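These notes are about the structure you will find just below.
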């Protein structure tokens, strides 16, 4: 339809649309004005100044003749009109030598610039200057007279130059329009031929649509099978998360206590080497726990792409953490490990675990292929990015094999590569993690001289939301900010994983919203339906309220004082106990894992004589201890066989004496499986005090409806 309208519009253009037709129109307009000026001069001269009638006659006759001859003799009409103007001015100067008629010649030049093109205006100026000069000489003026000769001629040429500059672009535009019109007419036939081709293509598309519709039925069946597999995977992740997290939590807890509170182990000699090794175990176990959490979260939440937990972090601290993990590896091979970094690097908003993983992957990979020398890490600000370089003195990579480095499971060909282990996944994974931050990764290498891996991180908000490709290069769109009021860190983490298309800024209800809005320019405020709206919320800020199942709020409804998610650091546990603001001495530690009971007891003992742990290996033993002796605090695990943590809580609430004992839940049960519906139903609202147009509301409703998942039958 659009092509048809385009053809019709061009077919209506006149065939005579050219420059000559434009000049004829200009002649008509100027001739009318010149004729009117001549008529006014004739009226003024009627009272006795008959000499001026010749000027009026010249103007009126020249205007009439040019008007009459413009259709068949355009060039003659132009010459007559310009000549009449020059002659009229020359006659006025001749009959009135003392007048300033010579200064009318520049006006003639200006008028001629509308009629002739390019340098012909200088020809008109030359004729006018010559006539002015000859009249001045005939009237006895000196050849270099300033007022009669020099100044008029100079003014004529200056006017010609200015008129030429002013009209040059107009004439060029007219020439371009004429050329474009000719080309458009030639394209007209082309477009008409393509209309037939488009009609044929449309018919083919209709046939393809029928085939696609048939494929949709097959896709629906495949989607049903995929949904079933997704549910099984989520259930598997929920079932094995406790089994996977428990051993790593024990490693983290004991190593953290030994590294940061060695005085807990009375009578043990702590050598510097032993403490350094324990610190390495602690750092590596924390990194391993973060990776395990990511794998479990991806499975449980059925994430389509890896989310990130963004926060302000010190890049140098992240580099130091990575060096601590791989330091022993380099010392064992007698390789140096250097860092050349500026001291005033700004804090970056990034996922510190992911960037540390990138550095560890690159450093570990470099150690495999470096026999002598070592690795140097440099950081350098560049525009809106910070560039990090990891340069080794290893065997290098041949140019033909550079491309394979960034391929999944890719290995560099050659016998040397076969001597080293590795899955070939570290570098491709690191590249994707960097791109999720809005950066890029590349390498430079020379055989036998070493390899340097470069990657960049943005100084501002990272563009992690969408990563599209234009040609062979990824492009990133900066993410929009959303303020979030959510006291439960577990729910906040869930939001960060799912809403990874936005930069979520977690705030407290007491924070100053105007300052945060000025700093982040958010598009909305996201909050729980049970949270209180801050008093200083702007009227034009959209507010999204959503009801999410919160483990912390559910625990508080049962009278629980706090909720800690495994792995729990020693400082975190001691701070939670101190926050109770009541004297605590005897602490009942309840867990079905004996190692965890010993770990939490050791953490309590690290505080000196302040706390005395009481051990209970299961829910039944915990109730027996509670009824048999006085307890000031209960550290309770929820996931236990037979009598679980919820049963213990219900029994304590039913007993008036036990109901007053504070309980801190320590559990690996981060959140309920995603497939389990919330008891509170589905409640999502969008409000804005400043209102909105009907179009805005309909667009939002359309977006919400489009986001609803299709209902797929179980069969």
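The values are calculated or read from the model by the stated rules, or taken from the named source; none is laboratory data. The shown structure was predicted, so the numbers you read here are calculated from the model rather than taken from an experiment. Here the Cβ is made from the backbone with ideal geometry for all residues, glycine too, and neighbour counts use every protein chain on show.
For the reader, a short list of remarks on this structure follows.
- Residue 115 being at pLDDT 80 or above and surrounded by fewer than 23 Cβ atoms within 10 Å (Cβ to Cβ): no
- Among the residues of segment 522-532, the ones that are more than 11 Å from residue 684 (Cβ to Cβ), in contact with a strand residue (DSSP E or B) (Cβ under 7 Å, 6 or more places away or on another chain) and assigned to a loop (DSSP other than H, G, I, E, B) come to 3 in all.
- Number of the condition not met by residue 189 [criteria: (1) assigned by TED's automatic domain parsing to the domain that holds residue 98; (2) in a helix (DSSP H, G or I)]: (1)
- Entirely in segment 388-470, the strands (runs of 3 or more DSSP E) that have 1 or more residues that are modelled with pLDDT of 65 or more: 441-446, 450-458
- Yes/no for residue 616 being closer than 21 Å to residue 253 by Cβ and either touching a residue at least 24 places away in the same chain (Cβ under 8 Å) or loosely packed, with under 14 Cβ neighbours inside 10 Å (or both): yes
- Among the candidates 364, 370, the residue that is touching a residue at least 60 places away in the same chain (Cβ under 8 Å), farther than 17 Å from residue 437 by Cα, in the same structural domain as residue 445 (by TED's automatic domain parsing) and assigned to a loop (DSSP other than H, G, I, E, B) is uniquely 370.
- Residue among 370, 376 that alone is touching a strand residue (DSSP E or B) at 6+ places or on another chain (Cβ under 8 Å) and either at pLDDT 90 or above or under 19 Å from residue 441 (Cα atoms) (or both): 376
- All conditions but one from (1) modelled with pLDDT under 75; (2) over 17 Å from the mean Cα position of the chain (by Cα); (3) surrounded by 15 or more Cβ atoms within 10 Å (Cβ to Cβ) apply to residue 525; the one that does not is (1).
- Yes/no for residue 585 being buried (at least 16 other Cβ atoms within 10 Å of the Cβ) and either under 19 Å from residue 259 (Cα atoms) or at pLDDT 85 or above (or both): no
- Scanning segment 335-356 for residues that are out of contact with any strand residue (DSSP E or B) (no Cβ under 9 Å at 6 or more places or on another chain) and either within 24 Å of residue 275 (Cα to Cα) or without any contact (Cβ under 8 Å) to a residue 60 or more places away in the chain (or both) yields 343, 344, 353, 356.
- The set of residues in segment 264-286 being over 44 Å from the mean Cα position of the chain (by Cα) and crowded, with 17+ Cβ neighbours inside 10 Å consists of 264 alone.
- Taken residue by residue, segment 258-278 has no member that is at pLDDT 80 or above, assigned by TED's automatic domain parsing to the domain that holds residue 349 and in contact with a helix residue (DSSP H, G or I) (Cβ under 7 Å, 6 or more places away or on another chain).
- Given (1) crowded, with 19+ Cβ neighbours inside 10 Å; (2) over 17 Å from residue 79 (Cα atoms), index of the condition residue 128 fails: (2)
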